[in-house]
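The next block holds one structure in the form of structure tokens; read it before the comments.
Any read-out appearing in this document is the output of simple, stated calculations on the displayed coordinates, not a laboratory observation. The shown structure was predicted, so the numbers you read here are calculated from the model rather than taken from an experiment. Cβ sites come from the backbone with ideal geometry, for glycine too, and all protein chains shown count toward neighbours.
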Amino acid sequence: MDNYIPKWHKELELFTKVKPLIILEGNVLDSYQYPKDGSIVRLSQYLNYFFKDAGYQNVIFYDNLRGFYNTFEVEAIENFGKLVKADIDSGFIKSKFSGTGRTAPNIIRDALTQNKSSTAIVMDFASRYIITPEHMEQPAVDSFTVLLQASLETLKNLLVLVVNKVNDLPAWFYLQNPNVKIITLGFPSKEERENYVKGEKNFPSFFSRAIRDSELGYYLEHPAELAKLQDRFVALTDGFSFKEFNSLRQLCKNECRHIRDMCDIVDLYKYGIKENPWRNLDREKINKASFEKRVKGQDAAISKTLDIIKRAITGLAGLQGSSHSRPKGVLFFAGPTGTGKTETAKTLAEILFGDENCCIRFDMSEYSQGHSDQKLLGAPPGYIGYEAGGQLTNAVKKNPFSILLFDEIEKAHPSIFDKFLQILEDGRMTDGQGNTVYFSESIIIFTSNLGIFTSNEFGAREANVTIDMPYEEMSAKIRQAIENYFKINLGRPEILNRIGENIVVYDYIRSDVAKDILSAQINKIRQNLMTDKKIDVRLSDKAFNVLQESALKNLQNGGRGIGNVVESLFINPLARYLFDNAIDENAQITVDDITVTLLYPELSCSVE
């Protein structure tokens, strides 16, 4: 494992022999493990080692603030100064990238076109030499032209530009240029992370001396347990840089974590918490009865939801794949309006995290425009609203242990789905400010009314399911409509693949369930009145039957429709009766009858 060589290193070995101009882009601010001795060093020191090992006599660095230098070898800048006939001031050859006098590109041209000693020049922070490649002043254009000429004329010397991204440079400098090779440095691969964690020198350095002395011997005698622990750590750190790895190592050591608990340090680093709420759940509350108090008539939907949640709690979610950084669980709630989809999400938040406010809702109709991804994730630097961040990323940074509810997902702009793909696959997202936000402790819930209505051959909307259909038939029709939407209408079957079999279809509110919902709503109103005002309101069977008859006529809108009936036929006229009769508290009222009129429902009451 200790001899692993990263892909970009191999590319550098290959192309430095045939290309005079190399552009390194990507994760260039990170530190790297040099294969020869296993030391963790900055990229500049890595390149110094690399080019010296490759046989270059002179290895020199340049940036626009300090000029030419080599802080790793004192004699290097002295030799270079003699080679290009330049003065050295305190270990630096001062020279600006563009302007008057002998500029850095002119010195570089002299170094690249000489044949006395092989020279590699690394231009560090090259993304910062110009403001923008689209609007360059003539001196900057001239400077890049000199570099281009020098790369064409050199025989055995090398020029390397280190940039954040290649398009920080003018396109004409590298496009269709056969002398250029662009090499991308990504975040450490799985193999590199394994090499770091499983190295004989590296692994013990994660722990304090006392922990090493007391525990390491056991794991060396039980290599299977050690390998399992290390493999999990490698999986959890997908997307981490080497510098973050080093921070994890130092944090684990400082916190005196036991070897068996080393994976917990990832949570501490990501979220700043020492105890993960997922490990302190009250499992007795995670049952159908906890939901049935708030969500009526959805046995099948609740059962499937609980299966997915239990899979997340036991750590079996996504077990078929290799990623340990995906969200804890993904659910897609479908079905008619007012059937309990949002209420289920809030109940989940209360059961899992102790507060229904941990259910963070996003109305996707507010994200239907082309720029909506910036609203959700944050605008890039230089754009209006950059400082504010994104609504989603801010919410997850504030509370990573939450239910993220994306309501009516079909109304979101298509660009949003690209972001959802990354969240569902990688479990992380970089916001407009460059901060990485982790979703690996969240439950993602999408809701949708897809499949309730479809369009016929003339484009007119018609019902796809009706309340008189059995649940099995209705569920099959809705699932098929959802599949057609993502595969045909949206052309994004990969979204559906990430959701998998986690589509949960909610049933219509049937008449027997509607009666229970009506009774629950009436009882809640009565309890609140008694608690707040000591007013005891009772309904006669005749009055209740009036409400029930009206509620059963309005089942297309589910529980919300029943609530509307209660509000219009009971709450509003009751408020009017209390106000008109100056009843503020301490009363017993019996509602004998409800007269239903279109504009003015009235209660017939008796007071004791």
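What FRET efficiency comes out for K156 versus E200 if R0 is 56 angstrom and r is the Cβ-Cβ distance? Round to the nearest 0.05.
Values: r = 39 Å, r/R0 = 0.69.
Between K156 and E200 the formula returns 0.90.
Once you've got the Cα coordinates, tell me which of K190/K397; K17/K243; K198/K228 are over 22 Å apart. Please list the in-between numbers first.
Values: K190/K397 26 Å; K17/K243 30 Å; K198/K228 11 Å.
Where the Cα-Cα span goes over 22 Å, the pairs concerned are K190/K397; K17/K243.
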Where labels lie 7 Å past Cα in the beta-carbon direction, separation of S189 and T113 in nm
4.0
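Kindly identify region 7-185 as rounded, prolate or oblate by the Cα gyration tensor criterion: order the square roots of the eigenvalues as a ≥ b ≥ c, call it rounded if a/c is under 1.5, otherwise compare a/b with b/c, prolate if a/b is larger, else oblate.
On the way: a/c = 1.40, a/b = 1.10, b/c = 1.27.
Rounded.
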If you bin every alpha carbon distance in the chain into 20 Å steps from zero, what whole percent lands in each bin?
16, 35, 29, 14, 6, 0
Using 0.36 nm times the number of residues separating Q527 and K542, minus their current alpha carbon distance, what extension gain do you get?
3.3 nm
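Using Cα-Cα distances under 8 Å and only pairs 6 or more residues apart, what relative contact order does the chain have, in percent?
Details: 974 pairs, mean separation 61.5, N = 608.
Dividing the mean separation by the residue count of the chain yields 10 percent.
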Quick one: which residues, 5+ away or cross-chain, put their amide H under 5 Å from the amide H of I182? H built at 1.01 Å from N.
I23
In nanometres, what is the gap between the two model label sites at T132 and E73, each 7 Å from Cα along Cα-to-Cβ?
4.1
Looking at this model, which pairs from K346/K553; K7/K270; K288/K346; K304/K346; K346/K477 are more than 19 angstrom apart at the alpha-carbon?
K346/K553; K7/K270; K346/K477
Which of V197, L404, Q298 sits farthest toward the positive end of the charge dipole of the chain, with +1 on the Cβ of Lys and Arg and -1 on the Cβ of Asp and Glu?
V197
Förster radius 25 Å - calculated FRET efficiency between R311 and A289 (Cβ-Cβ, nearest 0.05)
0.80
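Where the only charges are on Cβ atoms (+1 Lys, Arg; -1 Asp, Glu), what is the dipole of the chain about its Cα centre, to the nearest 20 debye?
Working: 72 positive and 80 negative charges, 315 e Å.
With only Lys, Arg, Asp and Glu charged at Cβ, the dipole is about 1520 debye.
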Charge dipole (region 7-185, unit charges on Cβ, about Cα centre) - positive-most of I183, L65, F15
F15
Based only on other Cβ atoms within 10 Å, what is the fewest-to-most ordering of F50, F353?
F353, F50
Give me P(r) over region 25-110, computed from all C-alpha to C-alpha distances, binned every 10 Å, as integer percentages.
16, 44, 31, 9, 0
Using a simple spin-label model with points 7 Å from Cα along the Cα→Cβ vector, what separation in nm is obtained for S511 and F453?
2.6
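Does region 283-505 come out rounded, prolate or oblate by the C-alpha gyration tensor, with a ≥ b ≥ c the root eigenvalues, rounded set by a/c under 1.5 and, if not, prolate when a/b is larger than b/c and oblate if not? Spell out each step's value before the answer.
Details: a/c = 1.75, a/b = 1.18, b/c = 1.49.
Verdict is oblate for region 283-505.
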Rounded to the nearest 0.05, what FRET efficiency is calculated for S519 and L496 with R0 set to 30 Å and r the Cβ-Cβ distance?
0.15
Return the whole-Å distance between the Cα centroid of region 499-545 and the Cα centroid of region 28-43.
64
With a cut-off of 8 Å between alpha carbons and a minimum separation of six or more residues, what is the relative contact order of region 80-137 in percent?
20
Which GluC sites (Glu not before Pro) in region 456-490 sit in a loop by DSSP (not H, G, I, E or B) and have at most 16 other Cβ atoms within 10 Å of their own Cβ?
E457
Per 10 Å bin, what percent of the C-alpha pairs of region 190-274 does each bin hold, from zero upward?
18, 58, 24, 1
Suppose we keep just the alpha-carbon trace of region 511-607; what are its Rg and Dmax in angstrom?
13.0, 38
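Give the percent of DSSP beta bridges with both residues in the chain that are antiparallel, rounded to the nearest 5. Walk me through the numbers on the way to the answer.
Details: 20 of 62 bridges.
Of all bridge pairs located within the chain, approximately 30 percent are antiparallel.
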I need L43, L306 ordered by Cβ neighbour count within 10 Å, fewest first.
L306, L43
